[in-house]
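Structure first, commentary second.
The values are calculated or read from the model by the stated rules, or taken from the named source; none is laboratory data. Keep in mind that what you see is a predicted model, and the values were worked out from it rather than measured. Neighbour counts run over all protein chains shown; Cβ positions are idealised from the backbone, glycine included.
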Amino acid sequence: MLVKPQLVRAAVAPRRRALHDLSTLPGRKPVISHGPPGYSAVSGHVATVFGCTGFLGRYLVSKLARMGTQVIVPYREEDEKRHLKPMGDLGQIVSMEWDIRNEDQIAECLRHSDIVYNLVGRDYETKNFKFADVHVAGAERIAKVAAQVGVQRMVHVSHLNASATSPSQFYRTKAEGEERVKSVFPSATIVRPASMFGCEDKLLNNMAMWPIWWNLNHGQTQIRPVHVIDVAQALANLMSIPQLPGTVSLPGPSTLNYEYLLELVATVTYRPPSRAPVVPKSIALAVARAAQMAWWPLISPDEVERRYIDDVKDPGHWEAVGVIPDEIENHAITYLRRYRLAKDFARPVLFPMRSS
């Protein structure tokens, strides 16, 4: 009997499992992706990003939307979330009003999500929200509600220097918030980025405008600045990485001191270096306490304390999240060109020498 060659090839060919657009989450929720890649893609995932209107949040929302994820963006003030709407296709960015003290509103924001990102944080206190209210009680409340409504994954963003023994209350509450989150959501992923730089940052921009406050400790405090877009990409990548419980550190690629960064800002902007004297810590703390009388944020005593704390020496977990972090020099001109005078606007970009 003659057998067709096509049938022979089919019989001896190894079995292959075809790629498809259907996957199942740990909670048995099916996720179906479809459509062309890019702006109009549909990944099948629904993510809630608390703190979406902040510095890091806007970049994370953009990254998630470009992946085709439907993003729930909780907001407190109507104008704060307007810039997020065009980041996704029609119906992809869903805004919902919320209050960090209202568990019902938090539950409504999480009802359809399979992953939640908590980026909520403050670097100064107000009469309505102290560090503990946001970093500890608020973080625990979001994690508790997420566990109750059945969200499969939670990513909690802390800080590289979070420590229960830190002299800074900001860092102490960050550490306590981590413990509270893990107590109610044990499989949560804790992400610890270092100080971030970017277009709307409080690092390079403030150095260009108020260099005197960065010359504390004679500029010798060592930090590891990281690009905000790299951190946002790392957070977005966590969605496609299998469950990653534990702590993920995201420091910058280099350890630099404030003295070098001030020199970098002066060199890139072609502005003369600041001749402001080095303010003793006691005087800086006194001025910061007096500044609390103003009704807009200036500088707080805790910020002064942080100017004297070196960043933790941690190798980081960039490989685990599939990102190679950029050096600050690669992006300095992008964020500092606005501070150049008109006559210097198109001059070449120069960088100071790094000390060995």
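What residue, among those in the stretch 174-200 that are touching an Asp or Glu at 6+ places or on another chain (Cβ under 8 Å) and polar (S, T, N, Q), is farthest from residue 309 (Cα to Cα)? Residue satisfying both the conditions and the ranking: 183.
Can you find, within the stretch 102-137, the residue that is surrounded by the most Cβ atoms within 10 Å (Cβ to Cβ) among those that are among the acidic types (Asp, Glu) and at pLDDT below 95? The selected residue is 114.
Matching residues to (1) closer than 25 Å to residue 274 by Cα; (2) surrounded by fewer than 18 Cβ atoms within 10 Å (Cβ to Cβ); (3) without any contact (Cβ under 8 Å) to a residue 12 or more places away in the chain:
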residue	(1), (2), (3)
223	yes, no, no
234	no, no, no
237	no, yes, no
240	no, yes, yes
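If only residues of the stretch 84-96 that are of a type outside the set (S, T, N, Q), touching a helix residue (DSSP H, G or I) at 6+ places or on another chain (Cβ under 7 Å) and more than 15 Å from residue 142 (Cβ to Cβ) are counted, the one that is modelled with the lowest pLDDT is 88. Right, residue 194: of a type in the set (A, V, I, L, M, F, W, C), in contact (Cβ under 8 Å) with a residue 12 or more places away in the chain and more than 16 Å from residue 252 (Cα to Cα) or not? Criteria not met by residue 194.
Among the residues of the stretch 138-150, just one is hydrophobic (A, V, I, L, M, F, W, C), touching a Phe, Trp or Tyr at 6+ places or on another chain (Cβ under 9 Å) and surrounded by fewer than 23 Cβ atoms within 10 Å (Cβ to Cβ), namely 147. One residue alone among 176, 263 is charged (D, E, K, R), out of contact with any Cys (no Cβ under 8 Å at 6 or more places or on another chain) and more than 28 Å from residue 133 (Cα to Cα), and that residue is 263. The residues on offer are 321, 349, and the sole one that is crowded, with 17+ Cβ neighbours inside 10 Å and farther than 26 Å from residue 278 by Cβ is 321.
Within the stretch 276-297, residues that are in contact (Cβ under 8 Å) with a residue 12 or more places away in the chain have Cβ atoms under 8 Å from residues that are part of a loop (DSSP other than H, G, I, E, B) and of a type in the set (Phe, Trp, Tyr) in these pairs: 281/308; 297/124, counting only partners at least 6 apart in sequence or on another chain. I'd like to check something: does the stretch 197-204 contain any residue that is under 13 Å from the mean Cα position of the chain (by Cα) and among the aromatic types (Phe, Trp, Tyr)? Yes, the conditions are met somewhere in the stretch 197-204. Restricting the stretch 321-356 to residues that are of a type in the set (A, V, I, L, M) and in a helix (DSSP H, G or I) leaves a set whose member that is farthest from residue 239 (Cα to Cα) is 342. Going by the conditions given, is residue 85 among the basic types (Lys, Arg), on the phi < 0 side of the Ramachandran plot and either crowded, with 16+ Cβ neighbours inside 10 Å or not in a helix (DSSP H, G or I) (or both)? Spelling it out, it is not the case that residue 85 is among the basic types (Lys, Arg), on the phi < 0 side of the Ramachandran plot and either crowded, with 16+ Cβ neighbours inside 10 Å or not in a helix (DSSP H, G or I) (or both). Checking each residue in the stretch 26-52 for being at pLDDT 95 or above and assigned to a loop (DSSP other than H, G, I, E, B) picks out 51, 52.
Given the criteria in a loop (DSSP other than H, G, I, E, B), under 22 Å from residue 162 (Cβ atoms) and modelled with pLDDT of 90 or more, does residue 297 qualify? It is false that residue 297 is in a loop (DSSP other than H, G, I, E, B), under 22 Å from residue 162 (Cβ atoms) and modelled with pLDDT of 90 or more. For residues that are of a type in the set (A, V, I, L, M, F, W, C) and assigned to a helix (DSSP H, G or I), tally how many sit in the stretch 245-261. Matching residues across the stretch 245-261 total 1. Every condition in (1) of a type in the set (A, V, I, L, M); (2) part of a helix (DSSP H, G or I); (3) closer than 24 Å to residue 341 by Cβ is met by residue 286 except one, and the failing one is (3). Determine, yes or no, whether residue 270 is over 28 Å from the mean Cα position of the chain (by Cα), farther than 30 Å from residue 116 by Cβ and aromatic (Phe, Trp, Tyr). When the stated conditions are applied, residue 270 passes them. Which condition breaks for residue 178 when tested against (1) surrounded by fewer than 21 Cβ atoms within 10 Å (Cβ to Cβ); (2) of a type in the set (D, E, K, R); (3) within 20 Å of the chain's Cα centre (by Cα)? (1) is the only condition that residue 178 fails.
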